[in-house]
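**Q** Dropping the structure in here first, questions after.
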Amino acid sequence: MRTGIVIGATVALLALVLILGAGDDGGPNAYVVIGIATGAIYGLVALGLVLVYKGSRVFNFAQGEFGTVAAFTVFVLMEQVRSVDIPYWAALPAGLLVAVALGLAMERVVVRPLMNSPRITLLVATIAFALLTVGVEIVLFLPEAKVLEPLIAATDASGNPNGVEIFNYILEPQNIIIVGVLALLAVVLGYFFSKTDLGLAVLATSQDSFATRVVGIGVERTSRFIWGTAAFLGGLAGILYVPISGSLTPGAMTSGILIPAFTAAVLGGMTSLPGAFLGGIVIGCVQSLANWAGNTYTLTIDDVVKPLQSIIPGLPDVAIIIVLLLVLLIRPQGLLGSEA
Amino acid sequence: MTRSRRPLAVVLVGVFLLVAAACGQKPGVALPEGTKIVDGQVVDAETGEVLGTVEEVLGTGTTDLAGDLGTDTTGTGTTTGTSTGTGTSTGTGSDPGEPAPPANEPPPSSGGNTTGVTDKVIKIGIHAPLTGAAPVPSDSVEIGKDLYFRWMADQGQTLFGRNVEVVLKNDQYNPSTAVAVCKEMVEKDKVFMLSGAAGTDQIQACARYAASVGVPYVGAGVTELVLNQLPNYFATTATYNDQGPMLADFLVSDLGAKNEKNGMLTFDTPNFEDARQGFLDGMKKQGAAVVYDRRVSKGAGTSEARSVVQEMKTAGIENVFVLTSPVWWINVLKQADTQQYEPQWVGVGISMTFDTVASVACRGGSSIDGSKFFSPFPAWFDSNRFDPEFRQAMNKFHSNENGGDDFMWLSWSGSKTFWDMFKGVGQNLTREAFIYEVERMRALKNGIGPALSFAPDDHFGADTVHVSEARCSDNRWHTIESFISDF
């Protein structure tokens with residue numbers, strides 16, 4: 001019930017912005033589209049973060065690197081294995097497989113030995129794992145920008161856009177796929193955790209592992225499942241996002257996406273999968289609309305008219321922090337968060 | 001900040017002429033036309049034929065002249081305002097430069113700090129972003145860092161019996177890391193001087209540290225903020241402050257931007273402020289308007305890239321001066337391609353004109369095609385036009401590298417400048433003598449980068465650029481204009 005109200009209120013708010021901006025070429029409508037498109041990417045990474053937190057109460061700072069590793073795997077298969085022409089659809093599962101293997105390795109080597117340690121120890125361990133992974137990426141691939149082609153090119157052979165134009169903004173096919181995948185995953189995972197035995201077992205493990213073990217649920221097995229699934233989600237995010245950013249570099253997903261994704265997860269509620277989806281969209285829209293407002297609205301200081309963005313450096317970041325603080329002051333558990 | 005070089009140059013030339021006249025220079029004392037001094041011998045500049053010793057050719061009492069030439073000289077004793085010491089030095093095609101103007105103060109007395117200098121080696125430290133937001137390929141830098149010095153050694157050339165050894169450290173594109181590695185190179189590796197070629201904030205941070213411990217710093221010209229206060233810092237490329245007005249001139253004169261919609265897209269860092277202001281002032285002077293002036297955070301990502309492209313497309317911006325990190329510009333180009341937005345991109349600096357940027361951006365679309373950026377060095381593609389020895393050295397030492405790349409090419413150019421500076425200082429190399437002599441060097445030309453002319457009150461030695469154009473036909477930058485300051 002509450003979930004429906006929050007999602008409805010958010011959608012209504014965005015609709016209001018769209019209605020107010022209708023018919024204005026320089027208005028906010030295109031920026032709402034940009035916000036949703038970019039927010040979907042944040043949401044996809046946030047899903048993995050929430051899943052791990054929900055299942056093991058760990059803030060996983062290595063989530064971004066599952067994506068970078070998967071993207072590099074696809075890059076290697078498509079660009080560097082010259083003897084065989086491997087298509088994207090074949091390279092993608094391989095990338096996901098490597099990401100899952102990395103997630104399982106992390107679970108076995110880092111998480112499980114520290115499972116009974118304070119959570120802060122585990123948090124630091126995930127940071128260390130992320131840094132180690134970035135280091136290995138640098139050694140293997142050098143810190144040079146590389147190109148990963150999208151699933152569907154943004155333009156056709158004659159240079160015409162393949163995407164869909166909404167409010168004067170051309171949404172590329174790759175981003176449409178991300179929005180679709182995110183929506184699908186939010187629903188599927190929401191169902192999984194509320195309706196299936198395995199999903200309930202995961203939630204039970206996160207709340208009381210001893211009691212869970214007593215009733216016969218394998219804690220190690222659920223832990224493997226959680227980290228493997230989180231790595232799968234991270235890998236999917238990386239493979240889908242990197243082609244949009246234009247370049248692939250070591251640590252790309254950690255440096256570019258992880259922080260807004262964490263913010264999205266906290267905003268949505270660290271325990272809510274639909275919340276991650278919603279948080280990503282809200283963060284994306286706040287960021288984008290702040291960009292628009294910063295360049296549209298002006299202040300006169302000492303008789304000089306200045307746009308807001310030149311008066312408040314980093315306006316989008318400031319806007320995100322303000323929204324996050326407001327939401328957490330009103331609802332400390334986040335928009336859709338609750339105890340698991 | 002505005003610096004006035006021309007009046008200073010006129011004054012220095014005037015002072016030099018007065019001093020030369022006061023010295024009673026007689027007819028016949030000047031070198032015969034088409035000759036130069038190498039290893040104490042007067043040689044034909046073109047054929048290399050030895051014509052005799054300085055004394056034989058010019059008569060007695062000419063050691064001061066040899067000293068005045070500053071480089072490619074022998075001579076004993078000290079000559080006011082120029083090089084000191086004894087010994088030999090050699091050249092490989094670099095222009096040794098014009099006679100330096102006399103100084104208002106005496107040269108450093110004997111003694112001084114010789115850390116990093118032995119009879120055989122001059123050890124220098126270089127910091128570069130091998131990782132971080134704008135990384136340069138470590139393999140290329142490793143090859144390029146001492147390629148020129150190896151080539152010179154192979155040719156039997158030395159700096160008064162010495163060669164140069166390079167210590168390279170990763171500053172991670174982070175100012176505090178840059179300071180840490182520079183400190184390490186000074187204190188642990190005991191380098192003679194420091195250098196950096198990429199990363200404004202890192203160059204500024206390391207140069208400040210170097211100043212605090214009296215170590216010379218020779219680096220790329222970036223911002224003038226703070227750096228213009230450092231007695232030990234020497235810029236070997238034109239600064240942003242110099243390039244801003246030149247870019248405005250280029251936009252209006254060559255690209256017809258006077259009556260077009262012009263924009264500016266820069267990272268929001270104080271160190272880009274002089275570039276921004278220089279460009280704005282230049283455009284105003286040219287009678288052209290900048291209707292879009294956008295600053296973005298250094299941590300900008302895809303969201304900002306999408307927003308600025310949408311803003312510029314909606315505003316109909318036709319020419320965009322971009323001063324950001326290469327990785328974020330690639331992101332902007334990607335979004336511009338998606339939105340079918342293809343303005344004329346222009347800019348200044350170094351890192352944008354590496355072929356990697358063109359290669360990656362061209363793969364993602366065609367928005368970068370035709371972009372025109374100032375660069376302190378010619379494109380690697382055109383390296384043979386400027387110094388064929390680079391490819392020869394690559395073929396000799398790294399034949400499997402297909403002629404190298406632009407990082408190696410840039411390193412080659414920088415090394416050549418270091419060589420010429422050390423040569424100009426002379427055998428008695430101390431940190432104090434290096435700073436003293438370099439700030440009196442004039443028209444130092446290595447044939448690749450800009451000619452350098454320093455003065456005690458002006459350590460920003462360069463004022464010309466090359467113009468490079470990105471071409472997606474071969475995913476590379478090409479040099480379209482060279483050694484230019486007026487358009």
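**Q** On the Cα set of the protein assembly as shown, report Rg and Dmax in Å, please.
**A** Final numbers for Rg and Dmax: 30.3, 108 Å.
**Q** Using the crude model of +1 on Lys and Arg Cβ and -1 on Asp and Glu Cβ, and no other charge, please compute the dipole size for the protein assembly as shown relative to its Cα centre, in debye to 20.
**A** Dipole about the Cα centre, nearest 20: 2900 debye.
**Q** Further question on the same structure: Roughly how crowded by other chains is peptide B:335-342, in terms of the mean Cβ count from those chains within 10 Å of each of its Cβ atoms?
**A** Per-residue shielding by partner chains comes out at 6.
**Q** Hey, fewest Cβ within 10 Å first, where do A:Leu185, A:Leu328 land in order?
**A** A:Leu328, A:Leu185
**Q** Next question. How compact is the stretch A:189-335 by the rule of thumb for globular proteins, expressed as Cα Rg over 2.2 N^0.38 Å?
**A** Dividing the Cα Rg of the stretch A:189-335 by 2.2 N^0.38 Å gives 1.38.
**Q** Same structure again: Which residue, A:Gly294, A:Gly269, A:Gly35, tops the fluctuation ranking in a GNM of chain A built on C-alpha contacts under 10 Å?
**A** Of the options given, A:Gly294 has the highest mean-square fluctuation.
**Q** Name the lysines eligible as straight-distance cross-link partners of A:Lys54: C-alpha to C-alpha under 29 Å, and not fewer than 8 places from it in the same chain.
**A** Reachable lysines: A:Lys195.
**Q** Karplus couplings for the stretch A:53-60 from phi (6.51 cos²θ - 1.76 cosθ + 1.60, θ = phi - 60°), rounded to Hz, Gly and Pro as x?
**A** 5, 4, x, 9, 6, 10, 7, 9
**Q** Let me ask another. I'd like to know which of B:Gly161, B:Met352, B:Ser325 lies farthest towards the positive end of the charge dipole of the protein assembly as shown, counting +1 on Cβ of Lys and Arg and -1 on Cβ of Asp and Glu.
**A** Most positive-ward Cα: B:Ser325.
**Q** Which value, in debye to the nearest 20, gives the size of the charge dipole of the stretch A:39-272 about its Cα centre, when Lys and Arg are +1 and Asp and Glu are -1 at the Cβ?
**A** That gives the stretch A:39-272 a dipole magnitude of about 900 debye.
**Q** Mean 1/r over all different Cα pairs, inverted: what Kirkwood radius does the stretch B:208-322 give, in Å?
**A** 15.5 Å
**Q** Averaged across the residues of A:164-172, what count of C-beta atoms belonging to other chains lies within 10 Å of each residue's C-beta?
**A** So the per-residue partner count for this stretch is 3.
**Q** Taking the mean number of other Cβ atoms within 10 Å as a proxy for protection, how do you rank A:47-55, B:371-379, B:291-299 from highest to lowest?
**A** Top to bottom by mean Cβ count within 10 Å: A:47-55, B:371-379, B:291-299.
**Q** Assuming 1.567 mPa s and 4 °C, estimate D for the stretch A:39-272 with Stokes-Einstein, Rh taken as the Kirkwood radius over Cα pairs, in µm²/s.
**A** Translational diffusion coefficient: 71 µm²/s.
**Q** Here is a further query. Taking K and R as +1 and D and E as -1, what net charge do the other residues with C-beta under 14 Å from the C-beta of B:Ala470 add up to?
**A** Charge balance in the 14 Å sphere: -4.
**Q** Along the charge dipole of chain A, pointing to its positive end and built from +1/-1 on Cβ of Lys, Arg, Asp and Glu, which listed residue (A:Gln309, A:Ile166, A:Phe61) has its Cα farthest out?
**A** A:Phe61
**Q** Let me ask another. How do B:Asp171, B:Asp382 line up, fewest other C-beta atoms within 10 Å first?
**A** Final ranking by Cβ density, sparse to dense: B:Asp382, B:Asp171.
**Q** Once label points are set 7 Å from the Cα along Cα→Cβ at both A:Tyr191 and A:Leu140, what is their separation, rounded to one decimal in nm?
**A** Inter-label distance under the simple model: 3.4 nm.
**Q** From other protein chains only, count the Cβ atoms within 10 Å of every residue's Cβ in B:292-300, then give the mean.
**A** The shielding value for this peptide is 5.
**Q** Please report, in Å, the Rg and the Dmax of the stretch B:435-487, where both are computed over Cα atoms only.
**A** Rg, Dmax (Cα atoms, Å): 14.8, 48.
**Q** Report the semi-axes of the equivalent ellipsoid for the stretch B:398-487 in whole Å, largest first, where each axis is √(5λ) for an eigenvalue λ of the Cα gyration tensor.
**A** 30, 19, 8
**Q** Another one. Under 8 Å for C-alpha pairs, at least 6 residues apart: give me the relative contact order for the stretch A:1-108, rounded to a whole percent.
**A** Relative contact order comes out at 16 percent.
**Q** In addition: With N set to the residue count of the stretch A:15-155, report its C-alpha Rg divided by 2.2 N^0.38 Å to two decimal places.
**A** So the stretch A:15-155 has a normalised radius of gyration of 1.34.
**Q** When B:Cys206, B:Cys472 are ordered from fewest to most other Cβ atoms inside 10 Å of their Cβ, what list results?
**A** B:Cys472, B:Cys206
**Q** How big is Rg to Rh over the stretch B:213-266, alpha-carbon atoms, Rh as the Kirkwood inverse-mean-distance radius?
**A** Result: Rg/Rh = 1.17.
**Q** How fast does the stretch B:179-221 diffuse by Stokes-Einstein, in µm²/s, taking the Kirkwood radius from C-alpha pairs at 25 °C and 0.890 mPa s?
**A** In µm²/s, the coefficient is 244.
**Q** Do the alpha carbons of any pairs in A:Lys306/B:Lys334; B:Lys284/B:Lys372; B:Lys145/B:Lys183; B:Lys334/B:Lys416 sit beyond 25 Å of each other, and which pairs?
**A** A:Lys306/B:Lys334; B:Lys334/B:Lys416
Quick note: the coordinates plus some simple rules give every number you see, no bench work behind them. All values reported here derive from a predicted model rather than from experimental measurement. Note: ideal-geometry Cβ built from the backbone for every residue, glycine included; neighbour counts use all protein chains shown.
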